[in-house]
Amino acid sequence: MLPTIRQLVFFSRRILVTELTTNYELIAIYSPEASQTETDESLEIINTYVSSNDGIVSEHDQWGMKRFAFPIKKFTEGNYSLIKFSILSDKINELNRMLQMNETILRHLIVKV
């Protein structure tokens with residue numbers, strides 16, 4: 001039995017998406033005043049954005065509270081988090097904009113691995 005055209009298109013699209021995705025690491029520093037629920041909500045926003053744009057979140061690691069070498073927005077410590085994911089490269093600018101608008105995140109850095 002031969003596969004239908006719809007099955008072939010889905011299969012070829014899945015191969016295309018996995019070949020074009022790029023691996024990234026996101027390090028986010030959350031405000032020490034942010035509660036655990038606020039931190040979890042922002043992590044959930046990142047996860048849903050990545051998964052809704054044909055990406056995959058492979059790892060999430062909480063580093064905990066660390067002291068800064070210099071004050072950032074009048075805070076001397078922050079809650080660090082590392083997220084490893086893969087997504088299409090043209091979706092990174094939108095993710096970067098979303099992270100800049102989030103008030104619980106003091107700083108963030110997205111690096112291509």
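The values are calculated or read from the model by the stated rules, or taken from the named source; none is laboratory data. Keep in mind the model is a prediction, meaning the values are calculated, not measured. Here the Cβ positions follow ideal geometry from the backbone for every residue, glycine too, while neighbour counts run over all protein chains shown.
Total residues in the stretch 94-113 satisfying the condition of being of a type in the set (S, T, N, Q), free of Cβ contacts under 8 Å to residues at least 24 places away in the same chain and more than 11 Å from TYR24 (Cβ to Cβ): the figure is 1. Anything in the stretch 57-73 that is surrounded by 14 or more Cβ atoms within 10 Å (Cβ to Cβ) and either over 17 Å from LEU109 (Cβ atoms) or aliphatic (A, V, I, L, M) (or both)? List them, or say none. Result: VAL57, ILE72. As a summary of the residue check, THR76 satisfies the conditions (1) farther than 14 Å from THR21 by Cα; (2) out of contact with any Pro (no Cβ under 8 Å at 6 or more places or on another chain); (3) surrounded by 13 or more Cβ atoms within 10 Å (Cβ to Cβ) except for the one numbered (3).
Total residues in the stretch 42-78 satisfying the condition of being out of contact with any strand residue (DSSP E or B) (no Cβ under 8 Å at 6 or more places or on another chain) and either among the hydroxyl-bearing types (Ser, Thr, Tyr) or without any contact (Cβ under 8 Å) to a residue 24 or more places away in the chain (or both): the figure is 8.
When ASN96 is tested against (1) outside any strand (DSSP E or B); (2) surrounded by fewer than 16 Cβ atoms within 10 Å (Cβ to Cβ); (3) at pLDDT below 95; (4) not aromatic (Phe, Trp, Tyr), exactly one condition is not met: (3).
For the stretch 79-93, the set of residues classified as surrounded by 11 or more Cβ atoms within 10 Å (Cβ to Cβ) and either free of Cβ contacts under 8 Å to residues at least 40 places away in the same chain or of a type in the set (Lys, Arg) (or both) consists of LYS84, LYS91, listed by residue number.
So that you can scan it fast, the table gives a plain yes or no per residue for (1) at pLDDT below 95; (2) over 28 Å from GLU103 (Cβ atoms); (3) hydrophobic (A, V, I, L, M, F, W, C):
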| residue | (1), (2), (3) |
| --- | --- |
| PRO3 | yes, yes, no |
| GLN7 | yes, yes, no |
| ARG13 | yes, yes, no |
| LEU20 | yes, yes, yes |
| ILE27 | no, no, yes |
| SER35 | yes, no, no |
| GLY55 | yes, no, no |
| GLY64 | yes, no, no |
| PHE68 | no, no, yes |
